[in-house]
């Protein structure tokens, strides 16, 4: 297993193909990325489609040569090496297995190709099938298994070689029946831990990414907006996009102006001088206030420092409601317990706890 | 006023797709039919819409028998997942197409109607674009605008969110609910996702192998799931179902011979030996308290869903899901002590899976 690195990686299909000759006029799908995936860690690349996830994955595996920058494996430059030479295993959305071949031979296939001897092949197939709970199917044709089991074969074919340095998973659960997903997800996590694999998991699904990975990189419009653990991304988004993308529903944003410790939200004001002082923030001017639906306090009666909003939509999530409310020139989502009695059109009073407020200036977090 | 089905059955080959279904939908209701794939949800929608013939039973709109009326003669519209009728036409033309086909609207009337509905669904800024240039969520809204533009009284939506990623689903649900509250008639929606059903609907029905196991007001179904399958499915995350044996001496239901759940207040309703205890993940937590019994288990999986964490805890071979209302982290294999609130349990009959009683009253 190994550590993987991106050094100043940028990619433009147009510029690489030469269809656009001017560097500045070309469209760059990936911009100046510097990322490190540490040895033995479970990582995810998370972002909306069109954000550059697949391009990044193909650059790691070697299917695509980046226009600029270097790919390093354990510090060694592999930018010009083929996928075979890099020894990176890949699992895709569609299970890759030969339906008419039995499970044993499906697993043995990559080893035969690499010239392993029969005794060694047999030992590796037994180890791998044991790890993946496939041992009882070894003599069955792959075609007779369900999609979840077939995806386990793909996984097995990836990890069966001794010399692989990392494993890439491209939305491996997207097409799997919801009932089989949980088992497969657990299996993936167990294998990652037992074999201490360096894994990179690509998905647009925050649930998959945050559940699977220790470290998640949020990718948007060709850049890694933020990397961190699930808790870090949820509690400390560095940009509005992360606040919006992580959490369901995402963070609320209100355009505002900060002056003299008072946040003017164009409809209500919040005095945050105490918090600004505590954090040593001196910046003023136009900003974006971010607050999570679950951080807003809701009351049925007007109190000091509460602001009136009218309920527009009530969505029931069982143990809580998500209310879409309008008032004070803003439209917000707030979460309340389903034990609270609420009705559409009703006026409720919101307050915004100072310790839960996040401020962004020009898309960067300042508080 | 509304839709009524009386004893409707439909068979495909040897498979009963709908098995003696009767129900009533009133105008003003948003109804979600929920159930695993292949339970009969789509067929039910198609039968209501007139897209499918019946083997038995009758269908009524506003009290009038419409069983033999073709779909064209009914005032309805149908929306499928990620479905655009004319990929080469602009969003505007896609929405306008049912009006043009009807041949009774002037150009000005069409323009007015298209703009009204586009504004309602917040797609008025993309009317000139082609379907391939817009997002999945916008495409879905275009399909709904098209369904609404003729003023159809009943709109049937067959898993309209299935292909959208979760951020778009989130946004779309709110929009759909808001749109619905400003119109007449009813929305009838089929989905496999219990969250869709909870978030959107006023009424819900649970289908299982072609049978409508339960139908009613959403809160009522949530509070009184008639079968363990309904309770398990109609829950976010799924309800924990654990088998236990009644202990008459102690007035408890015993699980794995160790965990004793006090059922003294409902003893008179428990006549049998074997039960299934249903516990919602929200009713298990880390805090001790009155009427709470402890369980010690091992963490086997921690799933982060939205802004919450679902912890899967292995307790004596049972996988117990616990819901934490924030994003938390524990290492796998950690021994975890949790507390079950015994005043909020559902007790189901082990044999026929029906709800026998609940603890702790309402």
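Things to note:
- Full-extension gain in nm, residue B:354 to residue B:272, via 0.36 nm per residue minus C-alpha separation: 28.2 nm
- Shape of the stretch B:1-63, Cα gyration tensor, a/c cut at 1.5: oblate
- Efficiency of FRET from Cβ geometry, residue A:341 and residue B:262, R₀ 35 Å, rounded to 0.05: 0.75
- Residues considered: B:174, B:334, B:204. Largest GNM mean-square fluctuation over chain B, using C-alpha springs under 10 Å, is found at B:334.
- Going from the fewest other Cβ atoms within 10 Å to the most, the residues B:176, B:5 appear in the order B:5, B:176.
- Averaging the sequence gap over all C-alpha pairs within less than 8 Å and six or more residues apart, then dividing by the number of residues, gives the stretch B:1-59 a relative contact order of 44 percent.
- Among A:337, A:12, A:154, the largest mean-square fluctuation in a Gaussian network model of chain A (Cα springs under 10 Å) belongs to A:337.
- An oblate overall shape is assigned to the stretch B:216-362, the ratio a/c of its alpha-carbon gyration tensor axes (a ≥ b ≥ c) being 1.5 or greater and a/b not exceeding b/c.
- Taking a point 7 Å out from the Cα of residue A:101 in the direction of its Cβ, the residues of the stretch A:133-170 whose backbone N falls within less than 16 Å of it are A:138-145, A:150-161.
- GNM remark for chain A: springs join alpha carbons under 10 Å apart, and the peak mean-square fluctuation among A:189, A:56, A:251 falls on A:189.
- Other protein chain C-beta atoms within 10 Å of residue C-beta, averaged over B:316-328: 2.
- For the segment A:317-324, counting C-beta atoms of other chains within 10 Å of every residue's C-beta and taking the mean gives 6.
- Counting DSSP beta bridges with both ends in the protein assembly as shown, the antiparallel % (nearest 5): 80 percent
- Residues within the reach of a label modelled at residue B:337 (point 7 angstrom out along Cα to beta-carbon, backbone nitrogen below 12 Å), restricted to the stretch B:282-299, are B:286-289, B:294-297.
- Amide N of the stretch B:267-301 lying under 15 Å from the label point, which is placed 7 angstrom from the Cα of residue B:254 along Cα→Cβ: B:273-275
- Each of A:320, A:98 was scored by other Cβ atoms within 10 Å of its Cβ. Arranged with the fewest first, they read A:98, A:320.
- Separation of the stretch B:335-362 from the stretch A:129-208 is 35 Å, based on Cα centroids.
- Average other protein chain Cβ within 10 Å of Cβ, residues B:230-236: 1
- When both bridge partners sit in the stretch A:4-243, DSSP labels roughly 50% of those beta bridges antiparallel.
- Distance between the pseudo-spin-label points of residue A:264 and residue A:366 (7 Å out from Cα toward the beta carbon): 1.5 nm.
- Cα gyration tensor shape of the protein assembly as shown, rounded if a/c is under 1.5, else prolate or oblate by comparing a/b with b/c: rounded
- Once the Cα atoms are used to define both axes, helix B:166-180 deviates from the longest principal axis of chain B by about 60 degrees.
- Nearest 10 degrees, 0 to 90: helix A:118-131 Cα axis against chain A principal axis: 30 degrees
- Fewest-first ordering of B:72, A:112 by other beta carbons within 10 Å of each residue's beta carbon gives B:72, A:112.
- Helical runs (DSSP H, four residues minimum) scored at -39500 (n - 2.57) apiece and divided by the length of chain A put the mean residue ellipticity at 222 nm at -7500 deg cm²/dmol.
- Cα→Cβ-extended label distance, 7 Å offset, between residue A:81 and residue B:20, nm: 6.8 nm
- Placing dummy labels 7 Å off each Cα toward the beta-carbon, the span from residue A:229 to residue A:38 is 1.1 nm.
- Rounded to 0.05, the FRET efficiency of the residue A:31 and residue A:133 pair, given R0 = 51 Å and the Cβ-Cβ distance, is 0.75.
- With R₀ set to 22 Å, the beta-carbon distance separating residue B:60 from residue B:220 gives a calculated FRET efficiency near 0.40.
- The Cα center of the stretch B:91-111 and the Cα center of the stretch A:327-359 differ in position by 40 Å.
- Whole-number percent relative contact order across the stretch B:2-226, with pairs defined as alpha carbons under 8 Å at least 6 apart: 31 percent
- As a length-normalised measure over Cα pairs under 8 Å and 6 or more apart, the relative contact order of chain A settles at 15 percent.
- Angle in degrees between helix A:178-195 and the longest Cα principal axis of chain A, rounded to the nearest 10: 70 degrees
No value in this document is a laboratory result; all are computed from the given coordinates. What you see is a predicted model; the values in this text were computed from it and never measured. Neighbour counts are summed over all protein chains in view; Cβ atoms, including those assigned to glycine, are modelled from backbone coordinates with ideal geometry.
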